[in-house]
Each structure stands twice: as structure tokens, then as C-alpha cells.
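Here is the structure we will look at, set down as C-alpha cells.
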Amino acid sequence: MVWDSETPSSITMARLLNSPPLDVYRELKDSALDRGAYWYRDRKVEEALLERDDPLITLGLAQYCATPDVGRTLYARGTSENGDQSYNKALRLAVLSNSLLPRGLMSGTFGVIPDEEVLRLINTDDKEVTDEIYALVRNPGANKLLDKLYNAEKPFDNIPEDKYIRAIFWSHQNPAINEDNSDVHGPDLYAWGIHKGIKRLMQTLPVTELGLQTAYWLLHAAEPSHVGSFDEDPTPMFKRWQPLELSDDFKKYHDGDSGLDLKEEFLCMLAALYGSYSTKTTDNKLQIIYIGSADSPDLLMRCAHYSNERNLSPEEMQRAYDRDGDSFIVAALYNETLFWNAKTRAALEDLIHGRLIQRYRQRCEQIKKNRPQFNLNPVSEQGAALLEDDAPQPTEDQKRLERLEVLLTANAKQVQRIYTVLSWVLVLVVIAVVLIWKPHFL
């Protein structure tokens, strides 16, 4: 039975208080998949479950509860120096990864965790606490935290540069980066703040190898419409990163999706994503200015053109690739119009290779998410072959499991055959015994 908003709380409470701990844990987990759980969960039910004092139910509450007081109590237990420290750490990590608790409208930076504790975790040098930082900045419900972090607002307005970059880098895997709940009732202000913050970071992260790595993966993870936009010429931002020289060691151990080095690919991404800006005309109307052209002597200006030009033909795409190679592909993957025309999409599929195939797949999935009518299937034989070859291959463990399943299936069939044969043998024995002894009973 599902814990929902329609079942009376008294029934839910009676059922959960008399259910096995594993069933309660599973129900907490399943109901947390519904974001509305934050609003319809009855705090009295969760408080009653807490009083059961069962380790599995307590852990489930830490991960999936929606009641702030319960969350605070469990985090306090997790920070206690008493009891099983491995279990205490599990409670801490469970609360920090709970995606429901940070969604409270009137809560602080991270729901039930005080700003002082959030700041302590971000600033720590203790390697034993890195799991907690990772859980904190990757929590899918922590959009308010990301907004403040990316825009360096309190409590993140005065922290050491290395700690700040670490938190930004680890946050790039947070799905909240690409979440936007704007609707007819109004905009999602946190999403808007995250978009603005990503643009700000491209302008403020230190021009170092670590800063480049952080900026690259943040842009790589974000959907094109979620990176903010300029209302002025964006080219000074491009020029800011151009002087950075990469060491041989960095080039050796850090690469992206293309044949370019990480800085070259990042600059192409910058130009593609920020290749336009808005301005107001003399009559106060909004006008979009697209920078760059196909004939520009500057590669980044050409990349800006490749990502924004709506009328690229397959022939023009080939010429651009012949001139700029992977720089063209990286930029063109941000041009959504190429994906909606069968000819230009086929041309793109003919050009992609290596890890850019995975980037192409990512872009298709992003487009599908926002426009469900988009067809994920490749439109060319070359594209079909590439995507098939790029499909994830089973690991050795998976192969062993598959062999084990085959073996178990074969053994099960053999046992079934033996069972059938023995059954018939037993039947025949019974018949024989009856026939042999029948005269003695006559």
C-alpha cells in the first residue's frame, strides 16, 4: 500500500507502526519519489515512527522524512560521539542527501542544517568529512544552496578559494542544475539564480587549471538553456580564459570529449553557449545580437556562428568541419535546429566520433526531455552504427552474473526433467506393485 495524501493519517500510522521495518523503509523510500510528499506527509506519523527506535526505520526516516524536527533530531544523533560511529555517519549522510528536507520555503540554506554547520562542512580540511560535503552539494533538493553557492551569497561569501572551487566542482553532478519548475503561476527563482550563478562563475572562477577543470565540467553538465545569458558583449569572458597555459601533466590526465585539449574544448563551449546577447533598441524593444560568422578569422567567433545559425546546410557543415574539425562539432552540438532537420542531423551523425558520440547522445536526451516529440533514434545508418557500437558494454561482474543465470536456468531445467522422470518412474513402480500383488488380493 502506498503512503499518499488520500489515506487518512490514522490508518497510515496504524499500518506503519505494525509493519515490519523493511516494509516501512521501502514505503518511506517509494513515497519520497513524489515531491508532493513534503506537503502531505503527516509529521505525527513520522514522529511515531521515530519512537519505534528501530535502526532500519530510523535510517529510512533520515533519508526520506519530510518533517524538519525529525530531520534535526536525526542529524543531531548522527553527530553524537556516543554509540556506533559508522551508523552515526550513515545517519548524517542520510540527512544530508535527503532531497525533501531542503525544500522548505522558510528554511535556511539547507533546510534542517544550520548555516553554521553547512559552512563548517564546506570549509573543513578533515578528509573524513568529504563524504558529507559530497552529499550536501549533490542533494537534488538543494537548489537554494546551489543558488547561494554559485552567486557567493551568505554563508558562502567569504570562504577560501580552494574550498569554494571544491564545492563547485563536486556540485556539477547535482541534477538540480537542470531543474526548472517555472510554470504559469510564476518563475522558479532558485532555477533563475542557478542559471545566473553559472554565468557568474564563468566570469569569476580563477584562471587556473583547477578553475578551468571546474568550469568545464559545470558547463558540460548543464543544459544549454540553464547557463544564463548576457545583456552585453560576452567576448571579454572568452578573452579572460585564452591566456591560460596548460602544463603537460594536466593535458596528460585531463581531457574532454574531443580531440581538443580541455581549454580548447572549453573555449568552444563558451563561444557556443554565450554566442549571443540581448540589448534594447532606441525604441526600447529587446533585440538579440548574434556574434560571429562563418568567415570570421577568429575560431571562437566561428564557433558562436555554428551554434546559432539556423540555416546551415549539410554542405556548409562539411566545409566548417574541414576547416575547424572537432571545434565545429562541439559548437554544432549546441545548435538545436540541426537536430530537427533530418538532413543536417544525418550530416552531424556522419561527422561525430569517439567520445563526441556520447555528447551527441546527451544532447538528444536533453532535447527529448524538453520536447517529448523529439525522436531519439538516429536518422542515418552511420549514426545507428556509431550509437550501437557506443552502447555500454557489460562488465566482467555482469558477464559472470549472466553466466550464472544461464547455469542456474539450465540446472533448473535439468532438475525439472529429473523430477519428471522420477515421477513417472514412481508411477510405473506403483502400477507394477499393484499388478504384481493384485492376484494375492483376489
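The values are calculated or read from the model by the stated rules, or taken from the named source; none is laboratory data. From a predicted model like this one, the values you see are computed outputs, not experimental measurements. Positions of Cβ are generated from backbone atoms using ideal geometry, with glycine treated the same way; all protein chains shown enter the neighbour counts. To get the accessible areas, we keep the full protein, side chains included, count just its heavy atoms, and leave off ligands, DNA and RNA. Shrake-Rupley method; radii C 1.70, N 1.55, O 1.52, S 1.80 Å.
Observations on the model:
- Multiplying the residue separation of Asn375 and Lys44 by 0.36 nm and subtracting their alpha-carbon distance yields 114.5 nm.
- Were the residues from Asp231 through Arg26 laid out at 0.36 nm apart, the gain over their Cα-Cα distance would be 68.9 nm.
- Potential extension, Lys343-Leu56 segment - 0.36 nm per residue separation minus Cα distance: 97.8 nm
- The residues of region 130-190 expose on average 44 square angstrom of accessible surface per residue, using a 1.4 Å probe on protein heavy atoms.
- Once both labels are positioned 7 Å from their Cα atoms along Cα-to-Cβ, the gap between Asp84 and Lys368 label points is 4.1 nm.
- Using the Cβ of Leu22 as centre and a radius below 15 Å, the other residues enclosed give a net charge of 0, where K and R count +1 and D and E count -1.
- Semi-axes of the equivalent ellipsoid for region 130-221, computed as √(5λ) from the eigenvalues of its C-alpha gyration tensor and ordered from largest down, come to 21, 14, 13 Å.
- A simple count of charges around Tyr216, restricted to other residues whose Cβ falls under 14 Å of its Cβ and scoring Lys, Arg +1 and Asp, Glu -1, yields -2.
- Relative intensity, log₁₀ I(q)/I(0), of region 238-394 from a Debye sum that treats every alpha carbon as a point, q = 0.11 Å⁻¹: -0.48
- Sequence-distant aspartates and glutamates (8 or more away, or on other chains) whose Cα lies within less than 15 Å of Lys369: Glu179, Asp180, Glu223, Glu336
- Region 196-252: C-alpha gyration tensor shape, a/c 1.5 cut-off, then a/b vs b/c: oblate
- Paramagnetic reach from Ile289 (point 7 Å along Cα→Cβ, amide N under 13 Å) across region 199-243: 230-236
- When the convex hull of its Cα atoms is viewed from all sides, region 257-330 shows a mean projected area of 5.6 nm².
- Cα gyration tensor category, rounded, prolate or oblate, for region 5-75 with a/c compared to 1.5: rounded
- Nearest-10 value in Å² for the accessible area of Ser276, using the 1.4 Å probe: 30
- A 1.4 Å probe run over the protein chains yields, for region 324-390, 46 Å² of accessible area per residue, whole-number rounding.
- Taking a ≥ b ≥ c as the square roots of the eigenvalues of the alpha-carbon gyration tensor, region 48-193 is classed oblate because a/c is 1.5 or more while a/b is no larger than b/c.
- Note on Ser276/Glu245: beta-carbon distance plugged into 1/(1 + (r/R0)^6) with R0 of 35 Å gives a FRET efficiency of 0.75.
- Accessible area in square angstrom per residue, region 218-272, 1.4 angstrom probe: 45
- Working from the Cα coordinates of region 311-355, the gyration tensor eigenvalues give, after taking √(5λ), semi-axes of 15, 12, 10 Å in decreasing order.
- Sequence ranges 245-251, 347-353, ranked by mean other-Cβ count within 10 angstrom, highest first: 347-353, 245-251
- Members of Lys199/Lys252; Lys239/Lys263; Lys199/Lys263; Lys144/Lys196; Lys144/Lys199 lying beyond 22 Å, as alpha-carbon distances in this model show: Lys199/Lys252
- For the residue pairs Lys29/Lys89; Lys163/Lys251; Lys29/Lys163, alpha carbon separations beyond 27 Å are given by Lys29/Lys163.
- Label-to-label distance for Arg323 and Asp162 is 4.5 nm, based on points extended 7 Å past Cα in the beta-carbon direction.
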